[in-house]
1. Give the residues of the stretch 89-105 that are surrounded by 14 or more Cβ atoms within 10 Å (Cβ to Cβ) and closer than 19 Å to residue 168 by Cα, sorted by residue number.
2. Checking the structure you have, find out if any residue of the stretch 174-182 is at positive phi and either among the small types (Gly, Ala, Ser) or not assigned by TED's automatic domain parsing to the domain that holds residue 339 (or both).
3. So which residues in the stretch 251-278 are buried (at least 17 other Cβ atoms within 10 Å of the Cβ) and more than 16 Å from the ligand (Cβ to nearest atom), if there are any at all?
4. For the stretch 353-386, which positions are touching a helix residue (DSSP H, G or I) at 6+ places or on another chain (Cβ under 9 Å), aliphatic (A, V, I, L, M) and surrounded by fewer than 16 Cβ atoms within 10 Å (Cβ to Cβ)?
5. Assuming residue 132 fulfils every condition listed in (1) closer than 21 Å to residue 417 by Cα; (2) in contact with a helix residue (DSSP H, G or I) (Cβ under 7 Å, 6 or more places away or on another chain) apart from one, which condition is it?
6. Do you know which residues across the stretch 59-104 are away from the ligand (no atom under 14 Å from the Cβ), out of contact with any Ser or Thr (no Cβ under 8 Å at 6 or more places or on another chain) and of a type outside the set (D, E, K, R)?
7. What's the total number of residues in the stretch 400-419 that are within 16 Å of the ligand (Cβ to nearest atom) and surrounded by fewer than 22 Cβ atoms within 10 Å (Cβ to Cβ)?
8. Among the residues in the stretch 430-446, are any over 25 Å from residue 119 (Cβ atoms), within 12 Å of the ligand (Cβ to nearest atom) and not assigned by TED's automatic domain parsing to the domain that holds residue 72?
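The values are calculated or read from the model by the stated rules, or taken from the named source; none is laboratory data. No experiment lies behind these values; they were computed from the predicted model shown. Glycine also receives a Cβ, built like all others from the backbone with ideal geometry; neighbour counts cover every protein chain displayed.
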Amino acid sequence: MDENCPHVVIIGSGLAGLAAAELLSTCKEKVRVTILEANNRVGGRIFTRRLQDNSPIELGAQWFHGKVGNPLYDIAAKSDIATRKSSYNDRFYTENETIAEQSVGDSANDYFSSILERIYDRQLDDVPEHIQNVGQFLDVELKKYLDDIQDNFARAVSAKVFRYRDREESHTSGCSTLHDVHLRDFGEYLELEGGDLAVIGGYDKVLQTIIDRIPKEVIRLNQMVVKIKSSDNNELNVECSDGNVYKADIVICTVSLGILKNQAKVLFQPNLPAKKLDVIDRLAFGVVNKVIFYYEKPFWPKNQFRRLVFLWNDEIDDKNCGCKLPLEDDELWLKHVSSAHIILPCPNALLFWFVGEDAIRVEKLSEKQLSSYLTRVLKKFIVDKTIQEPDIVIRTKWHEDPYVRGSYSYVNTNACGKDIDVLAEPILDYQGRPLILFAGEATDRSYYSTAHGAYLSGQREANRILDTLQLEKKIQS
Ligand SMILES: Cc1cc2nc3c(=O)[nH]c(=O)nc-3n(C[C@H](O)[C@H](O)[C@H](O)COP(=O)(O)OP(=O)(O)OC[C@H]3O[C@@H](n4cnc5c(N)ncnc54)[C@H](O)[C@@H]3O)c2cc1C
């Protein structure tokens, strides 16, 4: 390796950092690359745990969101890593120990999806100006649907299905409530064709395929960057908590928006421009956590449903509803548990999602407590005396994680799509060349919050560097 080549230091070995290193490593004669990773493992928010039978449990990203144009799907396809389209085949349970009329539930489900499609497709010209967030818009449109239903029971079930879908959509977006999400810029996010694909072979296999394309010496673990110092004469020093200092010509910073929110003001010297600090402050970084129950002997029928849906009677303040297993005051948050997914790569496991305050609460409870609380929910809805507590409980703690501080970004009502571009803008040196670049899921205006968005953002910044070097080479010759 030519020691005189420009040295690119990448901070973070999540998909963004790895994608940048992978691409830059194809031009070894032009650049030297080092990844500094604070953690003792590679992957960031891609984190697969293998059970004894080797089935993968994903603690971070679960699905490929889309197939066409998804670079991660392409990697999996070329490497024979199995994927399968997820179907959200719902079974609706009510609190009154009954299974709700499937067709009523399905129609309400479809209607909710059609309203979301309208938002994604930005068919919002006739929406009054004062309706600013996704939650407000849904309230208005869903009321129209409910008002048209004559049958009281069907109307009640449909309203419950809407509440459940509202929660599911909040998990997907990473927000506590859809009233936080910008209505008109929700459609900035582009859905790739092909639906959600379960990574049957495990996300770790995809990660390993990428790692294998990067020379071993590039990745340095346990290197927590505490300062990125740039001087007037373009010297860049990257300082780590153990005292190591790396000299760099260009830095790509891929740490999460959660880390930037916590540390941007101390990490960079001199400080980042005010407009970048402003968008770091305003863009939202949600908290989503998972609880996974693994059963040696599952109690649900095989291959019939993908999602068990719990249709709670009323809003959170009505605790008893005359039903069995009334909730205590400190258990009312359980009413937010709206579903359990039967996950494709591991059909013996149920996956519960938590978002916002609930996600933070889940981090503070013990696995034993979670086992008991969530088993109560299952028993409340599913009339089956054989339901036992699970054999294994796995729970994530993305908010506590000192290297992430949350789960993924979204465009809230305080921000807009353009803010994402500001976050992605490079800091230039005095000659106008890129000096400190930004990649990571939150910097991709079309695919923020996703694994493929992170990967594409890393490639974007690597290409920015290669384009600059190419241009300089042309000018010199
Ligand atoms: C629960 C959950 C579910 C998800 N589900 C999906 C899904 O189904 N599909 C999907 O497409 N996406 C999903 N995502 C989102 C996806 O995982 C992320 O968008 C993507 O992995 C982010 O990659 P990144 O490289 O931008 O950031 P990260 O993966 O966060 O990488 C940043 C790296 O920087 C390191 N770092 C931080 N601070 C420092 C420092 N000071 N010095 C050195 N290193 C540092 C971190 O340790 C980390 O490794 C999910 C995420 C979560 C948390």
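1. Result: 90, 91, 92, 93, 94, 95, 100, 104, 105.
2. So far as the stretch 174-182 goes, yes, one or more of its residues are at positive phi and either among the small types (Gly, Ala, Ser) or not assigned by TED's automatic domain parsing to the domain that holds residue 339 (or both).
3. The one that is buried (at least 17 other Cβ atoms within 10 Å of the Cβ) and more than 16 Å from the ligand (Cβ to nearest atom): 276.
4. Within the stretch 353-386, just 365 meets the criteria.
5. Unmet for residue 132, out of (1) closer than 21 Å to residue 417 by Cα; (2) in contact with a helix residue (DSSP H, G or I) (Cβ under 7 Å, 6 or more places away or on another chain): (2).
6. 68, 82, 87, 89, 92, 93, 94, 96, 98, 99, 102, 103
7. Of the residues in that region, 5 qualify.
8. no
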